[in-house]
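Presented below is the structure to which this report refers.
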Amino acid sequence: MANNGSGPGYASPAEAMKAGREKLLYTVALYVGTGVEKPDYLATVDVDPDSPTYSQVVARTEMPQIGDELHHSGWNACSSCHGHAHMSRQYLLMPGVRTSNINVIDVSDAKNPRHHKVVSGEDIKAKTNLSAPHTVHCLHSDIIISMLGDADGNGPGGFLHLDQNFDIVGRWENDLGDMKYNYDFWYQPRHNMMVSSEWGAPNTFMPGFDLEDVGAGKYGQTIHFWDFEGKKIVKSIDMGADGMIPLEVRGMHDPASNEGFFAATLSSNVFRWWKTDDGDFEIEKVIDVPTIDVEGFPVPMPSLITDILISMDDKYLYFANWLHGDLRQYDITDRANPKLTGQVWLGGQLGKAPEVNGVTVQGAPQMIQLSLDGKRLYVTTSLFSTWDNQFYPDMKDKGGQMYMIDCDTENGGMTINPDFVVDFGNEPNGPSRAHEMRYPGGDVTSDIWM
Amino acid sequence: MAEQKHRVTINNRGGAVIEVAEDQTIYDAALAAGFQLPIACNYGGCITCAGKLLSGRVRQPKGTALNKRQSQAGYILMCVARPKEDCAIEVGVETHGQLYRNPFAAPQKRSV
């Protein structure tokens, strides 16, 4: 994107909050596992209420290869590069978890993104013995990507280092310690820290979710703290039954802060993490969503906290319960004692809100993205094609949805906006699944300040 | 020496018959014949390309992503399956009715 000569992003989280309302939103849209044998694509959604095409997909950018399973995405540059006038937030990197391809999308024309190049999954496997790319963060000038498997799809994976031209530099990390699995990560150079989480090996999670795999130790329950400059793990905390499948890791946006939160998805607990004054790392469980006994289900159903984020002002924490079907807002002013301030229901296994805004919800709240000013929370309903097909089998024929939640940033509270719904069941090539979302100018889950 | 080829009939694609070499995957042969089947990892690590083997035998590497239940239901992975003899198969997500089950549901309540 064009910038004002001061480099990408914003000088501070407070400046980002003043950026003005988002007009476009990008989301990955998938055909993997739907029966539509076409490549996944990037959908550009009009989120400008004054536009005649508000709440519609206005551009579709197809990937060159079928079967990627686009999942998460990240920028070539974010606010960590603010002040570097030669850089710009021009490229969105969109990894395919199943093919290991990394698609690079040029968003110079924000309303009409173009496919720029592919970093081939086969090339990545051959050069780094890594596969299944996931989280992308720009690293000042370069890019690192968490990789969930080795070239054969087994753990522990590692971190892929790309340069500014998206050429493979090699593996980023020096020492993985006892890391068994990989997933998401967040970093903060000011405190020389990075935190990474654990899903499972690609060969375990790609075919679908099996409780026997949990019992066999094939899913993660450990959180890792890194010496960021040394590129090595310095502390790993095994959380046992309380911390099964830790996924999204978020840090506070204020770069002076040395703490954050993450969710243990299967255990459905939220943990706070922080670096102590003497350089150690600690965690504590701060939210516990109880399981629910559902008739006909012999195993108590966890809420399955699949995504979590922190507002730009570090005041609110939001998360999605993909099985129970609710979205929650917590006031985290008192970091150790989050207070529930808002909740809405969309779809889900409990049947509390099967239809919203005139559309039958396929799936439940899953990926979330918050506006920079904190007032609008966008949500999509697909998790991962094979897992969707297990828990919400109708989604493959009817497509996923995107909704918008109005958030009260003064007193807390959430309301589903009645005028916004994007039904990916109506896509021209057939129903697709929508997953992670990004704004052209940066957002609360991509931007890190130095 | 000419490579051994087998005839693979795709029952739910109008009974189309494709010639598949012994060291060729059914996915590759079908694609060459103009049938785009589901595909993703292309190494047997996920079940996106699963379809059903109705008759005949195929060779698949050990350790594919199919579990015992799925294999017993007749699924094979087209991205790694190579025919050992003439076969009949069904392909695509329309065959996936028994492939997925909700892991929290009782076994007897699984959907067809």
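Only one of (1) surrounded by fewer than 17 Cβ atoms within 10 Å (Cβ to Cβ); (2) at the interface with chain A (Cβ under 10 Å from one of its Cβ atoms); (3) in contact with a helix residue (DSSP H, G or I) (Cβ under 7 Å, 6 or more places away or on another chain); (4) not polar (S, T, N, Q) fails for B:GLY97. Which number is that?
Exception for B:GLY97: condition (3).
Being surrounded by fewer than 17 Cβ atoms within 10 Å (Cβ to Cβ), part of a loop (DSSP other than H, G, I, E, B) and of a type in the set (D, E, K, R) is the filter here, so list the residues in the stretch A:9-35 that pass it.
Residues satisfying the conditions are A:LYS18, A:ARG21.
Across the stretch B:45-59, what is the number of residues that are away from chain A (no Cβ under 14 Å), among the polar types (S, T, N, Q) and either in contact with a Phe, Trp or Tyr (Cβ under 7 Å, 6 or more places away or on another chain) or closer than 24 Å to A:THR99 by Cβ (or both)?
Count: 0.
Does B:GLY45 count as within 30 Å of A:PHE297 (Cα to Cα), touching a Pro at 6+ places or on another chain (Cβ under 8 Å) and surrounded by 15 or more Cβ atoms within 10 Å (Cβ to Cβ)?
Spelling it out, B:GLY45 is indeed within 30 Å of A:PHE297 (Cα to Cα), touching a Pro at 6+ places or on another chain (Cβ under 8 Å) and surrounded by 15 or more Cβ atoms within 10 Å (Cβ to Cβ).
Please find, within the stretch A:59-85, the residue that is nearest to the other protein chains (Cβ to nearest Cβ) out of those that are over 20 Å from the mean Cα position of the chain (by Cα) and over 25 Å from A:ASP388 (Cβ atoms).
A:CYS81
Only one of these is touching a strand residue (DSSP E or B) at 6+ places or on another chain (Cβ under 9 Å) and over 27 Å from A:SER385 (Cα atoms): B:ALA21, B:ALA40, B:ALA30. Name it.
Result: B:ALA21 is the single residue among B:ALA21, B:ALA40, B:ALA30 that is touching a strand residue (DSSP E or B) at 6+ places or on another chain (Cβ under 9 Å) and over 27 Å from A:SER385 (Cα atoms).
Among the numbered conditions (1) within 12 Å of chain A (Cβ to nearest Cβ); (2) exposed (fewer than 15 other Cβ atoms within 10 Å of the Cβ), tell me where B:PHE35 comes up short.
(2)
Quick one: in the stretch A:234-250, which of the residues that are surrounded by fewer than 24 Cβ atoms within 10 Å (Cβ to Cβ) and in contact (Cβ under 8 Å) with a residue 60 or more places away in the chain is farthest from A:SER446 (Cα to Cα)?
So the residue we want is A:LEU247.
Is there a residue being within 14 Å of chain B (Cβ to nearest Cβ), over 22 Å from the mean Cα position of the chain (by Cα) and not hydrophobic (A, V, I, L, M, F, W, C) anywhere in the stretch A:22-35?
Yes: the stretch A:22-35 contains one or more residues that are within 14 Å of chain B (Cβ to nearest Cβ), over 22 Å from the mean Cα position of the chain (by Cα) and not hydrophobic (A, V, I, L, M, F, W, C).
Can you name every residue in the stretch A:36-50 that is outside any loop (DSSP other than H, G, I, E, B) and either more than 28 Å from A:LEU70 (Cα to Cα) or not aliphatic (A, V, I, L, M) (or both)?
Hits for the stretch A:36-50 are A:TYR41, A:THR44, A:ASP46.
Counting just the residues of the stretch A:324-346 that are of a type outside the set (S, T, N, Q) and touching a Ser or Thr at 6+ places or on another chain (Cβ under 6 Å), which one comes out nearest to A:ASP443 (Cα to Cα)?
For the stretch A:324-346, the residue satisfying everything is A:ASP331.
Only one of these conditions is not met by B:ILE10: (1) touching a strand residue (DSSP E or B) at 6+ places or on another chain (Cβ under 9 Å); (2) within 11 Å of another protein chain (Cβ to nearest Cβ); (3) touching a residue at least 40 places away in the same chain (Cβ under 8 Å); (4) not acidic (Asp, Glu). Which number is it?
Result: B:ILE10 passes all but (2).
Exactly one of these conditions fails for A:ASP443: (1) closer than 17 Å to A:ASP313 by Cα; (2) buried (at least 24 other Cβ atoms within 10 Å of the Cβ); (3) among the charged types (D, E, K, R). Give me its number.
(2) is the only condition that A:ASP443 fails.
If A:LYS375 passes every condition in (1) surrounded by 24 or more Cβ atoms within 10 Å (Cβ to Cβ); (2) more than 16 Å from A:ASP423 (Cβ to Cβ) but one, which one does it miss?
In the conditions (1) surrounded by 24 or more Cβ atoms within 10 Å (Cβ to Cβ); (2) more than 16 Å from A:ASP423 (Cβ to Cβ), A:LYS375 misses (1) alone.
When residues of the stretch A:205-227 are filtered for being under 21 Å from A:SER131 (Cα atoms), touching a residue at least 40 places away in the same chain (Cβ under 8 Å) and either assigned to a helix (DSSP H, G or I) or within 14 Å of another protein chain (Cβ to nearest Cβ) (or both), how many remain?
So the count comes out to 6.
Only one of (1) in contact with a Ser or Thr (Cβ under 7 Å, 6 or more places away or on another chain); (2) buried (at least 24 other Cβ atoms within 10 Å of the Cβ) is not met by A:ALA151, so which one is it?
With respect to (1) in contact with a Ser or Thr (Cβ under 7 Å, 6 or more places away or on another chain); (2) buried (at least 24 other Cβ atoms within 10 Å of the Cβ), A:ALA151 is out only on (2).
For the stretch A:323-331, state whether one or more residues are surrounded by fewer than 19 Cβ atoms within 10 Å (Cβ to Cβ) and in contact (Cβ under 8 Å) with a residue 24 or more places away in the chain.
yes
For B:ALA30, all conditions in the list (1) away from chain A (no Cβ under 12 Å); (2) farther than 24 Å from A:GLY208 by Cα hold save one; what is the number of the exception?
Among (1) away from chain A (no Cβ under 12 Å); (2) farther than 24 Å from A:GLY208 by Cα, the lone unmet condition for B:ALA30 is (1).
(1) assigned to a strand (DSSP E or B); (2) within 22 Å of B:GLY45 (Cα to Cα): which one isn't true of A:ILE233, the others all being true?
Going through the list (1) assigned to a strand (DSSP E or B); (2) within 22 Å of B:GLY45 (Cα to Cα), A:ILE233 breaks only (2).
List the number of the failed condition for A:SER100; all other conditions in (1) within 14 Å of chain B (Cβ to nearest Cβ); (2) on the phi < 0 side of the Ramachandran plot hold.
Going through (1) within 14 Å of chain B (Cβ to nearest Cβ); (2) on the phi < 0 side of the Ramachandran plot one by one, A:SER100 breaks only (2).
Looking only at the stretch A:130-137, decide whether some residue is more than 20 Å from the chain's Cα centre (by Cα), polar (S, T, N, Q) and at pLDDT 95 or above.
Checked against the condition, which is being more than 20 Å from the chain's Cα centre (by Cα), polar (S, T, N, Q) and at pLDDT 95 or above, the stretch A:130-137 yields no hits at all.
Checking the structure you have, find out if any residue of the stretch A:303-316 is within 14 Å of chain B (Cβ to nearest Cβ) and under 26 Å from A:GLY251 (Cβ atoms).
Scanning the stretch A:303-316, I find at least one residue that is within 14 Å of chain B (Cβ to nearest Cβ) and under 26 Å from A:GLY251 (Cβ atoms), so the answer is yes.
The values are calculated or read from the model by the stated rules, or taken from the named source; none is laboratory data. Owing to the predicted nature of the structure, the values given are computational and were not obtained by experimental measurement. As a convention, Cβ positions derive from the backbone with ideal geometry for all residues, glycine included, and neighbour counts pool all protein chains shown.
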